[in-house]
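Here is the structure we will look at.
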Amino acid sequence: MRTELASEPGDADRPNEDFASVGLPASGQGGSVVVLDGVTPPRTGTGCLHSVPWFTARLGGALTELTVSLPDVPLVDALSRAIARTSEAHAATCDLSHPRTPQATVVVTRWNPATVEYLVLSDSALLLESPQGEVTPVLDDRLALLPRSALATDALVDSTLRNREGGFFTAAADPSVAARAVTGTVPRDRVRALAALTDGASRWVERFEEGDWTDCFRLVRKEGPQALVDRVRSLERSDTAATFPGRGKRHDDATVVYVEF
(Lines give C-alpha, C1' and ligand atoms only; values in the text may rest on other atoms or scores of the structure.)
Protein backbone atom coordinates (compact mmCIF):
# COMPACT_ATOMS: atom_id res chain seq x y z
CA MET A 1 0.00 0.00 0.00
CA ARG A 2 1.19 3.50 -0.87
CA THR A 3 0.07 6.49 1.18
CA GLU A 4 1.15 10.10 0.68
CA LEU A 5 -0.01 13.32 2.33
CA ALA A 6 0.67 16.99 1.74
CA SER A 7 -0.82 19.88 3.69
CA GLU A 8 0.20 23.52 3.44
CA PRO A 9 -1.26 26.69 4.97
CA GLY A 10 -2.45 29.38 2.62
CA ASP A 11 -0.60 32.03 4.62
CA ALA A 12 2.70 31.37 6.37
CA ASP A 13 1.65 33.82 9.10
CA ARG A 14 -1.52 31.88 9.95
CA PRO A 15 -1.89 28.34 11.27
CA ASN A 16 -3.11 25.64 8.92
CA GLU A 17 -6.81 25.05 9.63
CA ASP A 18 -6.93 21.76 7.68
CA PHE A 19 -6.55 18.35 9.30
CA ALA A 20 -5.54 15.09 7.65
CA SER A 21 -4.85 11.58 8.88
CA VAL A 22 -4.38 8.06 7.59
CA GLY A 23 -5.40 5.39 10.11
CA LEU A 24 -4.00 1.88 9.66
CA PRO A 25 -5.15 -0.52 12.39
CA ALA A 26 -2.74 -3.07 13.82
CA SER A 27 -4.84 -5.88 12.39
CA GLY A 28 -3.75 -4.86 8.90
CA GLN A 29 -7.27 -5.54 7.64
CA GLY A 30 -8.19 -2.06 6.49
CA GLY A 31 -7.74 1.60 7.17
CA SER A 32 -9.26 5.05 6.99
CA VAL A 33 -8.58 8.57 5.74
CA VAL A 34 -9.93 11.69 7.44
CA VAL A 35 -9.59 15.14 5.86
CA LEU A 36 -11.12 18.28 7.36
CA ASP A 37 -11.08 21.84 6.07
CA GLY A 38 -11.64 24.29 8.91
CA VAL A 39 -13.89 27.24 8.07
CA THR A 40 -12.02 30.52 8.58
CA PRO A 41 -14.17 32.76 10.80
CA PRO A 42 -14.81 36.47 10.23
CA ARG A 43 -13.10 39.01 12.43
CA THR A 44 -16.33 39.60 14.35
CA GLY A 45 -15.85 36.38 16.34
CA THR A 46 -17.33 32.93 16.77
CA GLY A 47 -18.66 32.82 20.32
CA CYS A 48 -15.86 30.34 21.05
CA LEU A 49 -12.66 30.65 23.07
CA HIS A 50 -10.90 28.15 20.82
CA SER A 51 -9.29 28.44 17.42
CA VAL A 52 -10.32 26.63 14.26
CA PRO A 53 -7.13 24.48 14.37
CA TRP A 54 -8.08 23.42 17.92
CA PHE A 55 -11.49 22.36 16.61
CA THR A 56 -10.24 20.49 13.55
CA ALA A 57 -7.59 18.70 15.62
CA ARG A 58 -10.20 17.60 18.16
CA LEU A 59 -12.79 16.57 15.60
CA GLY A 60 -10.26 14.95 13.27
CA GLY A 61 -8.57 13.08 16.09
CA ALA A 62 -11.88 11.75 17.39
CA LEU A 63 -13.04 10.76 13.93
CA THR A 64 -9.78 8.97 13.15
CA GLU A 65 -9.95 7.00 16.40
CA LEU A 66 -13.60 6.06 15.91
CA THR A 67 -13.26 4.95 12.29
CA VAL A 68 -10.33 2.69 13.16
CA SER A 69 -11.42 1.35 16.55
CA LEU A 70 -15.09 0.80 15.64
CA PRO A 71 -14.99 -0.62 12.10
CA ASP A 72 -18.60 -1.83 12.24
CA VAL A 73 -20.04 1.59 13.16
CA PRO A 74 -21.35 3.39 10.03
CA LEU A 75 -19.44 6.52 9.06
CA VAL A 76 -22.48 8.73 9.68
CA ASP A 77 -22.62 7.47 13.26
CA ALA A 78 -18.85 7.86 13.67
CA LEU A 79 -19.04 11.50 12.53
CA SER A 80 -22.02 12.14 14.78
CA ARG A 81 -20.15 10.73 17.78
CA ALA A 82 -17.02 12.71 16.93
CA ILE A 83 -19.00 15.97 16.71
CA ALA A 84 -20.71 15.22 20.02
CA ARG A 85 -17.38 14.43 21.70
CA THR A 86 -15.84 17.64 20.39
CA SER A 87 -18.84 19.73 21.41
CA GLU A 88 -18.72 18.33 24.93
CA ALA A 89 -15.09 19.39 25.19
CA HIS A 90 -16.00 23.10 25.07
CA ALA A 91 -19.74 23.39 25.70
CA ALA A 92 -19.14 24.72 29.22
CA THR A 93 -16.98 27.61 28.03
CA CYS A 94 -18.27 28.53 24.56
CA ASP A 95 -21.49 29.52 22.81
CA LEU A 96 -22.01 26.56 20.51
CA SER A 97 -25.24 28.06 19.16
CA HIS A 98 -23.29 30.87 17.47
CA PRO A 99 -23.61 30.45 13.66
CA ARG A 100 -19.84 30.84 13.32
CA THR A 101 -18.88 28.40 16.06
CA PRO A 102 -15.79 26.53 14.79
CA GLN A 103 -16.70 24.15 11.97
CA ALA A 104 -15.24 22.18 9.11
CA THR A 105 -15.91 20.34 5.88
CA VAL A 106 -15.39 16.57 6.09
CA VAL A 107 -14.12 13.74 3.89
CA VAL A 108 -13.89 10.27 5.42
CA THR A 109 -13.24 6.99 3.70
CA ARG A 110 -12.71 3.60 5.32
CA TRP A 111 -11.81 0.31 3.69
CA ASN A 112 -11.56 -3.37 4.52
CA PRO A 113 -10.96 -6.41 2.29
CA ALA A 114 -14.58 -6.31 1.08
CA THR A 115 -15.68 -2.67 0.83
CA VAL A 116 -14.73 0.99 0.62
CA GLU A 117 -17.07 3.33 2.50
CA TYR A 118 -17.12 7.10 2.10
CA LEU A 119 -18.67 10.25 3.56
CA VAL A 120 -18.38 13.79 2.18
CA LEU A 121 -19.84 16.89 3.83
CA SER A 122 -19.51 20.29 2.15
CA ASP A 123 -16.98 21.30 -0.47
CA SER A 124 -13.96 19.06 -0.02
CA ALA A 125 -13.65 16.22 -2.55
CA LEU A 126 -13.03 12.48 -2.70
CA LEU A 127 -11.77 10.83 -5.89
CA LEU A 128 -12.05 7.07 -6.42
CA GLU A 129 -10.07 5.34 -9.18
CA SER A 130 -11.20 1.99 -10.57
CA PRO A 131 -8.78 -0.78 -11.67
CA GLN A 132 -9.47 0.34 -15.27
CA GLY A 133 -8.39 3.91 -14.49
CA GLU A 134 -11.84 5.53 -14.40
CA VAL A 135 -11.99 8.32 -11.80
CA THR A 136 -15.25 9.00 -9.96
CA PRO A 137 -15.54 12.22 -7.95
CA VAL A 138 -17.65 12.10 -4.80
CA LEU A 139 -18.87 15.63 -4.11
CA ASP A 140 -21.34 17.42 -1.87
CA ASP A 141 -22.27 20.16 -4.34
CA ARG A 142 -24.90 22.04 -2.32
CA LEU A 143 -22.62 25.04 -1.77
CA ALA A 144 -21.53 25.13 -5.42
CA LEU A 145 -25.14 25.12 -6.60
CA LEU A 146 -26.07 28.23 -4.62
CA PRO A 147 -26.19 31.43 -6.71
CA ARG A 148 -23.15 33.65 -6.21
CA SER A 149 -25.42 36.50 -5.13
CA ALA A 150 -26.60 34.39 -2.20
CA LEU A 151 -23.02 34.27 -0.87
CA ALA A 152 -22.45 38.01 -1.05
CA THR A 153 -22.06 38.63 2.69
CA ASP A 154 -21.08 36.54 5.69
CA ALA A 155 -24.15 37.76 7.58
CA LEU A 156 -26.49 36.47 4.86
CA VAL A 157 -24.70 33.12 4.69
CA ASP A 158 -24.89 32.70 8.46
CA SER A 159 -28.54 33.68 8.81
CA THR A 160 -30.10 31.88 5.87
CA LEU A 161 -27.74 29.31 4.33
CA ARG A 162 -25.22 27.81 6.75
CA ASN A 163 -26.44 24.53 8.28
CA ARG A 164 -29.99 25.22 7.14
CA GLU A 165 -32.38 23.48 4.77
CA GLY A 166 -31.96 24.89 1.29
CA GLY A 167 -28.39 25.94 2.07
CA PHE A 168 -25.34 23.86 2.88
CA PHE A 169 -23.99 21.92 5.86
CA THR A 170 -20.72 21.71 7.76
CA ALA A 171 -19.60 19.80 10.85
CA ALA A 172 -19.98 22.27 13.72
CA ALA A 173 -21.67 21.58 17.08
CA ASP A 174 -24.79 19.62 16.07
CA PRO A 175 -24.20 15.86 15.75
CA SER A 176 -27.34 15.43 13.60
CA VAL A 177 -25.65 17.21 10.68
CA ALA A 178 -23.79 13.97 9.96
CA ALA A 179 -26.97 12.61 8.41
CA ARG A 180 -26.76 15.36 5.76
CA ALA A 181 -23.52 14.02 4.31
CA VAL A 182 -23.10 12.31 0.95
CA THR A 183 -22.38 8.65 1.73
CA GLY A 184 -21.92 5.36 -0.05
CA THR A 185 -20.16 2.02 -0.23
CA VAL A 186 -18.43 0.36 -3.17
CA PRO A 187 -16.83 -3.10 -3.45
CA ARG A 188 -13.18 -3.02 -2.50
CA ASP A 189 -12.12 -4.69 -5.77
CA ARG A 190 -13.60 -1.75 -7.71
CA VAL A 191 -11.20 0.77 -6.13
CA ARG A 192 -7.51 0.76 -7.05
CA ALA A 193 -6.66 4.09 -5.41
CA LEU A 194 -8.28 7.19 -3.88
CA ALA A 195 -7.48 10.80 -3.12
CA ALA A 196 -9.06 13.27 -0.69
CA LEU A 197 -8.67 17.02 -1.30
CA THR A 198 -9.68 20.16 0.52
CA ASP A 199 -10.99 22.94 -1.69
CA GLY A 200 -7.67 24.75 -1.50
CA ALA A 201 -6.21 21.91 -3.58
CA SER A 202 -9.26 21.20 -5.74
CA ARG A 203 -8.98 24.75 -7.09
CA TRP A 204 -6.78 23.20 -9.81
CA VAL A 205 -10.03 21.77 -11.27
CA GLU A 206 -12.83 23.93 -9.92
CA ARG A 207 -11.36 27.42 -10.13
CA PHE A 208 -8.43 27.36 -12.53
CA GLU A 209 -9.83 24.65 -14.82
CA GLU A 210 -6.41 23.17 -15.57
CA GLY A 211 -8.03 19.79 -16.15
CA ASP A 212 -10.87 17.56 -15.03
CA TRP A 213 -10.96 15.24 -12.03
CA THR A 214 -9.28 12.44 -13.97
CA ASP A 215 -6.42 14.74 -14.94
CA CYS A 216 -6.12 15.88 -11.33
CA PHE A 217 -5.99 12.31 -10.04
CA ARG A 218 -3.36 11.31 -12.57
CA LEU A 219 -1.21 14.26 -11.54
CA VAL A 220 -1.39 13.22 -7.88
CA ARG A 221 -0.67 9.58 -8.67
CA LYS A 222 2.30 10.37 -10.92
CA GLU A 223 3.93 13.31 -9.13
CA GLY A 224 2.48 13.13 -5.61
CA PRO A 225 0.20 15.36 -3.51
CA GLN A 226 2.78 18.11 -3.04
CA ALA A 227 2.99 18.57 -6.79
CA LEU A 228 -0.71 19.43 -6.94
CA VAL A 229 -0.37 21.91 -4.07
CA ASP A 230 2.65 23.51 -5.75
CA ARG A 231 0.79 23.91 -9.04
CA VAL A 232 -2.17 25.52 -7.29
CA ARG A 233 0.14 27.97 -5.55
CA SER A 234 1.72 28.91 -8.88
CA LEU A 235 -1.70 29.49 -10.43
CA GLU A 236 -2.80 31.58 -7.44
CA ARG A 237 0.25 33.83 -7.71
CA SER A 238 -0.50 34.52 -11.37
CA ASP A 239 -4.26 34.97 -10.89
CA THR A 240 -4.83 38.67 -11.48
CA ALA A 241 -8.56 38.31 -10.70
CA ALA A 242 -7.95 36.92 -7.22
CA THR A 243 -8.87 40.17 -5.46
CA PHE A 244 -12.11 40.62 -7.33
CA PRO A 245 -15.34 40.17 -5.33
CA GLY A 246 -16.52 36.58 -5.20
CA ARG A 247 -13.10 35.07 -5.94
CA GLY A 248 -12.35 34.25 -2.28
CA LYS A 249 -8.89 34.12 -0.70
CA ARG A 250 -5.86 34.38 -2.97
CA HIS A 251 -4.25 31.46 -1.11
CA ASP A 252 -6.16 28.88 0.90
CA ASP A 253 -4.98 26.00 3.07
CA ALA A 254 -4.48 23.05 0.74
CA THR A 255 -4.43 19.36 1.70
CA VAL A 256 -4.18 16.21 -0.42
CA VAL A 257 -4.12 12.60 0.79
CA TYR A 258 -3.43 9.79 -1.67
CA VAL A 259 -3.88 6.06 -1.01
CA GLU A 260 -3.04 3.32 -3.50
CA PHE A 261 -4.05 -0.20 -2.56
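Side notes on the structure shown:
- Condition check for T255: crowded, with 20+ Cβ neighbours inside 10 Å, outside any helix (DSSP H, G or I), of a type in the set (S, T, N, Q) and touching an Asp or Glu at 6+ places or on another chain (Cβ under 8 Å): yes
- Among the criteria (1) over 18 Å from A179 (Cα atoms); (2) hydrophobic (A, V, I, L, M, F, W, C); (3) buried (at least 16 other Cβ atoms within 10 Å of the Cβ), the one L49 does not fulfil is (3).
- Set R233, R247: member being charged (D, E, K, R) and at pLDDT below 95: R247
- Residues of region 61-95 satisfying the condition of being small (G, A, S) and within 13 Å of T109 (Cα to Cα): A78
- Residue that is modelled with the highest pLDDT [pool: residues in region 4-42 that are surrounded by fewer than 18 Cβ atoms within 10 Å (Cβ to Cβ) and hydrophobic (A, V, I, L, M, F, W, C)]: L24
- Strands (runs of 3 or more DSSP E) enclosed by region 98-186 - at least 2 residues per element that are of a type in the set (S, T, N, Q), surrounded by fewer than 16 Cβ atoms within 10 Å (Cβ to Cβ) and modelled with pLDDT under 95: none
- Once region 1-39 is narrowed to residues that are in a loop (DSSP other than H, G, I, E, B) and among the aliphatic types (A, V, I, L, M), the residue that is farthest from L70 (Cα to Cα) is A12.
- Residue list for region 66-77, filter: touching a residue at least 40 places away in the same chain (Cβ under 8 Å) and either among the aromatic types (F, W, Y) or surrounded by 16 or more Cβ atoms within 10 Å (Cβ to Cβ) (or both): T67, V68, P71, L75, V76
- Members of region 139-184 that are farther than 24 Å from V205 by Cα, without any contact (Cβ under 8 Å) to a residue 60 or more places away in the chain and of a type outside the set (K, R): T153, A155, L156, V157, D158, T160, L161, E165, G166
The values are calculated or read from the model by the stated rules, or taken from the named source; none is laboratory data. Just so it is clear, the structure is predicted and the values come from calculations on it, not from any experiment. Here Cβ is always computed from backbone atoms with ideal geometry, including for glycine, and neighbour counts include all displayed protein chains.
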